[in-house]
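Each reported figure results from applying straightforward, stated rules to the coordinates on display, with no laboratory input. Values in this document were obtained by computation on a predicted structure and should not be read as measured data. When we count neighbours, we look across all protein chains shown, and the Cβ atoms used for this are built from the backbone with ideal geometry, even at glycine.
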Amino acid sequence: MSIFRRRRAGFEREAIRIAQTVLGRDVAVEQHPEIDAIVFDDVQLNLTSLRERYRELDPSEAHGWLEAALTELLVSEDLPDQLDDTTALMPGLRPRSFVEAHRLTALHRAAHLEPLAARPFTHDLVVPILWAQTHSTMSLHETQLVEWGLSHERALEIALLNLAELPVVGWVGVDDRIFRLIAGDEYVSARILTPSHFDRLAPGDDFVVCVPTRSDLFVSRTEDAESLPTLFDISRAAASDGVPVSLRPLRFLAGAWSELELAQNHPAYLSWRTLTRLDDAREADATRHLLQDLVGGDVFVGSVIVREDDETGVVDTVSVWSEGVPTLLATADLVAFPRSDHDTGFVTAPWRRVRSVVGHRMTATDHYPERWLVESFPTSEELAELVNP
């Protein structure tokens, strides 16, 4: 049940080929789709803005434009030693896996880890401070802010002021109860950081907001329960074309943001649960390959499966704990234990039950999303206890 469509491979291959030509064959250029960037030496070049412009151009013009834009970026000077012009500072909105991917990339390349200038927004979203260029953006490090004599708080204040200065077309009705913010840039989702936009809809109201990609922001009123399933469907569809932010709906109430929670009897519960579980699986997958490269072949980095119950329509996330395979197991709703002697081929148990019965076989790690190292398999007695409390 994957929703985020793979990006066109042709663009990435072309970007790497151009970068390799400009930099020389002795410089290793690596693609890191988890952070939507190509990496070489100690430089990380984000591709988002380049890709969006590349897609807009006629194919006959796209290659020449990309070559010129990339060449300009690759041979341009480094960040200024002194920050005389602060207009290039901008805020972003990113999934928390973006920061984890940055950490894993540094570990994999045995490079010094420079902490990103980013702060939590919700549990699963962060706000990085960006250096905006004509064709791309760079995520700044905390040390860079220190070198410029800026505190993080002051840099973020400036970035938010710069964001507020960008033009916005305004709210466009998807229907009479769901609205979409139109701005024509890659900071649309980041507009939740300047919530005065919501006053144009209804000052002080209670909103549900979806930011599936960097270029999307959809909103409806929380009290309008009948519109929420449609809002969630629209968000899910938008997620298939763009750089992901989050499928997890947010709530804006009394000037404060939180992750939306719905009770099981809410009309939009099934749609909401589907989005949150798809997002959980996406976050786990976003760093899985980087983590696998880091730990090597002795430990398997498990994926998260999204499963829908045919009878109830309830969607759950599932992690698989296999016998004889040391695994970094992702937290999920359910854990499946392969068993050839079982009718379905699996013994399945809720996560809380698994932690209670075989938690002694699980070692916590410092990864995000949360993962547990499992190196031994439950006994027959423990498996029986899992399914027969």
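If you average over every viewing direction, what projected area does the convex hull of the Cα atoms of the stretch 90-234 give, in nm²?
Mean projected area for the stretch 90-234: 10.1 nm², to one decimal.
When N is the residue count of the stretch 170-261, what does its C-alpha Rg come to as a fraction of 2.2 N^0.38 Å?
Rounded to two decimals, the normalised Rg is 0.96.
Output the relative contact order of the stretch 258-389, whole-number percent, from Cα pairs under 8 angstrom with separation of 6+ residues.
For the stretch 258-389, the relative contact order is 18 percent.
If you average the sequence gap of Cα pairs under 8 Å that are 6 or more apart and divide by the length of the chain, what percent do you get for the contact order?
11 percent
Given R₀ = 30 Å, what would the calculated FRET efficiency be for His266 paired with Glu370, taking r from the Cβ atoms and rounding to 0.05?
The value I calculate is 0.70.
Stokes-Einstein diffusion coefficient for the stretch 250-389 at 25 °C in a medium of 0.890 mPa s, Rh from the Kirkwood formula over Cα pairs: what value in µm²/s?
The calculation lands on 149 µm²/s.
Determine the relative contact order of the stretch 9-165: mean sequence separation of Cα pairs under 8 Å and six or more apart, normalised by residue count, in whole percent.
22 percent
Relative to the longest principal axis of the C-alpha atoms of the chain, give the angle of the C-alpha long axis of helix 228-238, reported between 0 and 90° and rounded to the nearest 10°.
60 degrees
Given the convex hull over the Cα atoms of the stretch 207-293, what projected area results after averaging over all orientations, in nm²?
Mean projected area for the stretch 207-293: 6.2 nm², to one decimal.
Using only the alpha-carbon atoms of the chain, report the extent along each of the three principal axes, biggest first, to the nearest angstrom.
Over the chain, Cα extents along the principal axes are 67, 56, 45 Å.
Quick one: helix 59-74 against the long Cα principal axis of the chain, what's the angle to the nearest 10°, folded into 0 to 90?
Value to nearest ten degrees: 80.
On a 0 to 90° scale, report how tilted helix 9-23 is relative to the longest principal axis of the chain, with both axes built from alpha carbons and the result rounded to the nearest 10.
50 degrees
If you keep only loop residues by DSSP, which trypsin sites (Lys or Arg not before Pro) in the stretch 123-219 have at most 13 other Cβ atoms within 10 Å of their Cβ?
Arg200
Once Rh for the stretch 9-165 is found with the Kirkwood sum over Cα pairs, what is the Stokes-Einstein diffusion coefficient at 10 °C and 1.306 mPa s, in µm²/s?
Roughly 96 µm²/s, to the nearest whole number.
What residues of the stretch 141-164 lie in the reach of a label at Leu113, counting those whose backbone N is under 18 Å from a point 7 Å from the Cα along Cα→Cβ?
Under cut-off, by backbone N: 141-144.
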